[in-house]
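The values are calculated or read from the model by the stated rules, or taken from the named source; none is laboratory data. What you are looking at is a predicted structure, and each value in this text was computed from that prediction instead of being measured. Every residue, glycine as well, gets a Cβ built from its backbone with ideal geometry; the counts of neighbours run over all protein chains shown.
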Amino acid sequence: MSVYPGFRDDLLATVPSLRAFAVSLSKNADRADDLVQEALVKAWDKQASYQPGTNLKAWLFTILRNEFYSQMRKRKREVEDSDGAITGRLSVHPAQEGSVDLKDFRRALEQLPEDQREAIILIGASGFSYEEAAEICDCAVGTIKSRVSRARTRLQEILKITGENDFGPDAISAQITNSVFTA
Amino acid sequence: MNYGKPNTHRGPDKRGKDSDPLGANSEIGRKLRQYYDDLITEDIPDRFSDLLNQLEQKSSAKTAGNKD
């Protein structure tokens, strides 16, 4: 029995965003899918702890994130060396490369420490509020804010973006071109 | 495939603040959403809906089994 009718469908509906978050965290598409699978199984097992009507997506993101960090700790114990550096180098997915622009952005994102990367993804892309992100990451709202701000500064440095408000014609046309290609 | 309820997670529309450091005027913000939307629009492998079917079947079997 599900905690409420349609629980299964609601879980399935969050899979695209769960996967996107998992890829952002793990920097690896295959590992991301394993993480999503684990998160779904865990979510199913502990569905009694979910309160219908509250934010299901945030609940699932929390489960997935916990799974990611517990796997990371386990791996660190297994491989007591520069596992992070190796993962970083293996993380390119040639089949998924978009425009050069986006590829550069992904590389830059992958250089961020996990805590900053997850914060900027949750706030800037997944559509969570600072309060929700703080709950997902089990930290204070101010911590999320400062992580987002550090992440943003670091990305600007890596991508050598100056003058953040240059919303010129080039930027707009780039966006239109991109949406045409991804449509 | 129809995944039931439509998703409303595309972009941070609910935070339309001007001061948003990752908003429409931020290049980082736009790139971030481009990167994420690219991931979100990927096709979802069948393994996830298969998995949920299995989980559902398993729990309804368990419920039925508990009756004797």
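Quick notes on this one:
- Remark: A:Glu132 matches the filter, which requires a residue to be within 15 Å of A:Phe21 (Cβ to Cβ), modelled with pLDDT of 95 or more and within 11 Å of another protein chain (Cβ to nearest Cβ).
- Within segment A:147-165, being in a helix (DSSP H, G or I) and touching a Leu at 6+ places or on another chain (Cβ under 9 Å) holds for A:Val148, A:Arg150, A:Ala151, A:Arg152, A:Arg154, A:Leu155, A:Ile158.
- Count of residues meeting criterion [hydrophobic (A, V, I, L, M, F, W, C) and more than 7 Å from chain B (Cβ to nearest Cβ)] in segment A:1-35: 9
- Filtered residue count, segment A:125-141, keeping only those that are assigned to a helix (DSSP H, G or I) and touching an Asp or Glu at 6+ places or on another chain (Cβ under 9 Å): 3
- The lone exception for A:Asn28 - which of (1) modelled with pLDDT of 95 or more; (2) outside the structural domain of A:Ala133 (by TED's automatic domain parsing) it fails: (1)
- The lone criterion from (1) at pLDDT 95 or above; (2) surrounded by 14 or more Cβ atoms within 10 Å (Cβ to Cβ) left unmet by A:Pro113 is number (2).
- Filtering segment B:14-62 to residues that are modelled with pLDDT under 55 and more than 7 Å from chain A (Cβ to nearest Cβ) leaves B:Gly16, B:Lys17, B:Asp18.
- Among the candidates A:Ile144, A:Ile120, residue that is free of Cβ contacts under 8 Å to residues at least 40 places away in the same chain, under 19 Å from A:Ser17 (Cβ atoms), within 11 Å of chain B (Cβ to nearest Cβ) and not in a loop (DSSP other than H, G, I, E, B): A:Ile120
- Selection count where residues are more than 9 Å from chain B (Cβ to nearest Cβ), part of a helix (DSSP H, G or I) and out of contact with any Ser or Thr (no Cβ under 8 Å at 6 or more places or on another chain), scope segment A:44-60: 4
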